[in-house]
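As structure tokens, the structure follows; a few thoughts come after it.
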Amino acid sequence: MDIKKQPFGQTNDMTGVDLYKLINLNGTEARITNYGATLVALTVADRNGNPGDVILGYDSLEEYVNGSNYFGCIAGRYANRIAGGRFRLNDTAYILAQNDGENHLHGGVHGFDKAIWQARKIEKDEGLGLELTHLSQDGEEGYPGNLSVTVIYTLTDKDELRIDYSASSDRPTVVNLTNHAYFNLAGAGCGDILDHELMINADRFTPVDKSLIPTGELRSVRGTPFDFTRPTVIGARIDRDHDQLLIAQGYDHNWVLNKALGRLCPAARVMERNSGRILEVHTTQPGIQFYSGNFMGNRIAGKTGQLYHHRGGFCLETQHFPDSPNRPDFPSTVLDPGSRYEHTTMYKFTTELSVSAQ
Ligand code: GLA
């Protein structure tokens, strides 16, 4: 078990950025940079013990600075969309950066994915930890309050990557943090993810309007291509003539998790048959955005000379529902001074063989 630190490059204003490698007893390795608190790589064994990197990303800092896919980053202050880039809180109207048509997406033009975080190695009972902190200034991208954010990545010897998020503010504000990793369990760059089998622990999802803002309805998934309550191949229904799939050009929706708030509960499970790799996602959050990489171009130059294809990765972004600041009926994303935002998500890796051998 070890954490190694090496330089990752310099930003335009000459600030040095580092890359941290966390390696557990099984040889599973997570690479994280303090630019955007980004998960750059996650190398896990397949069913034959062969290691493979299952996270899409870039080799250089420069590509992360210029990139627009949110590969592996922490998205915030508000991950996902806020309609019209506006919300009201305690009778004050706030106007946010509009960086997705009229809407606000993933914290704006200079979201947490473009911030340089402070990093510190920590030892935890469960494994190796990297603590990243960031102070988001009052007024940044239009949000009220100085927000102090901490994200801790912990790699355990059970091949779990746990992410603990916390935040506090000196004024009432809204917060929604997530990790935006794109996974391909066959290995990053190994084709598309359409043959991965997905299960989402959700009976309902939040349908969206043409600009991907929830309509407010919590709709049953039953009888629709959104029903992943039983393991289903991602590509089986993705191109169906269904209004919600046509709007998003595939899956790019929030599912309402079947769970009690606050507890770390099973949210999703994905299996890739050739490698035998299985990913389980557990979270304390009420929702999960399943994004099937619909807006990825067809030849994105990724790590180690690999080309990433359209739908070459999927995201499972644990979160509060999109546009919650404008939806009093959705679980609240308001953070008041004196309270603490806390959220935990855990990605656990096994293989088909290791599961049946247990
Ligand atoms: C999220 C959004 C998508 C897309 C990606 C980044 O998952 O929901 O619509 O913007 O981020 O490309």
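The values are calculated or read from the model by the stated rules, or taken from the named source; none is laboratory data. Every value quoted in this text rests on a predicted model; they were computed, and no experiment measured them. Note that we place each Cβ from the backbone using ideal geometry, even for glycine, and neighbour counts take in every protein chain shown. The area values use the complete protein model at the heavy-atom level, side chains included, leaving out ligands, DNA and RNA. Shrake-Rupley method; radii C 1.70, N 1.55, O 1.52, S 1.80 Å.
Some observations on this one:
- Residue check for residue 246: surrounded by fewer than 17 Cβ atoms within 10 Å (Cβ to Cβ) and touching a strand residue (DSSP E or B) at 6+ places or on another chain (Cβ under 7 Å): no
- Filtered by the rule that a residue be touching an Asp or Glu at 6+ places or on another chain (Cβ under 9 Å), part of a loop (DSSP other than H, G, I, E, B) and within 28 Å of residue 206 (Cβ to Cβ), the range 315-358 gives a lone residue, 330.
- In the range 118-125, the condition of being closer than 16 Å to residue 173 by Cβ and either away from the ligand (no atom under 14 Å from the Cβ) or not charged (D, E, K, R) (or both) is met by no residue.
- Restricting the range 289-314 to residues that are open to solvent by 10 Å² or more (accessible area, probe 1.4 Å), out of contact with any Gly (no Cβ under 8 Å at 6 or more places or on another chain) and in a strand (DSSP E or B), the residue that is modelled with the lowest pLDDT: 301
- When residue 191 is tested against (1) open to solvent by 10 Å² or more (accessible area, probe 1.4 Å); (2) touching a His at 6+ places or on another chain (Cβ under 9 Å); (3) under 28 Å from residue 76 (Cβ atoms), just one condition goes unmet, and that condition is (3).
- Screening residue 344 against (1) more than 16 Å from the ligand (Cβ to nearest atom); (2) surrounded by fewer than 17 Cβ atoms within 10 Å (Cβ to Cβ); (3) farther than 13 Å from residue 192 by Cβ leaves a single unmet condition, (2).
- Taking the criterion of being outside any loop (DSSP other than H, G, I, E, B) and either within 15 Å of the ligand (Cβ to nearest atom) or of a type in the set (Asp, Glu) (or both), the residues of the range 82-115 that qualify are 82, 83, 85, 100, 103, 104, 105, 112, 113, 114.
- Qualifying residue in the range 231-244 (condition: within 16 Å of the ligand (Cβ to nearest atom) and acidic (Asp, Glu)): no
- Filter result for residue 72 (in contact with a Cys (Cβ under 9 Å, 6 or more places away or on another chain), among the small types (Gly, Ala, Ser) and either within 15 Å of the ligand (Cβ to nearest atom) or open to solvent by 40 Å² or more (accessible area, probe 1.4 Å) (or both)): no
- Residue match in the range 277-288 (condition: part of a loop (DSSP other than H, G, I, E, B), under 13 Å from the mean Cα position of the chain (by Cα), within 16 Å of the ligand (Cβ to nearest atom) and closer than 18 Å to residue 198 by Cα): no
- Considering the conditions (1) in a loop (DSSP other than H, G, I, E, B); (2) open to solvent by less than 10 Å² (accessible area, probe 1.4 Å), residue 41 is excluded by exactly one of them, (1).
- Scanning the range 174-199 for residues being more than 25 Å from residue 152 (Cα to Cα), part of a strand (DSSP E or B) and within 16 Å of the ligand (Cβ to nearest atom) gives a total of 1.
- Residues in the range 198-224 that are farther than 30 Å from residue 85 by Cβ and of a type outside the set (Ser, Thr, Tyr): 198, 199, 201, 203, 222, 223.
- Looking only at the range 315-332, and only at residues there that are open to solvent by 30 Å² or more (accessible area, probe 1.4 Å) and touching a residue at least 40 places away in the same chain (Cβ under 8 Å), the one that is farthest from the ligand (Cβ to nearest atom): 329
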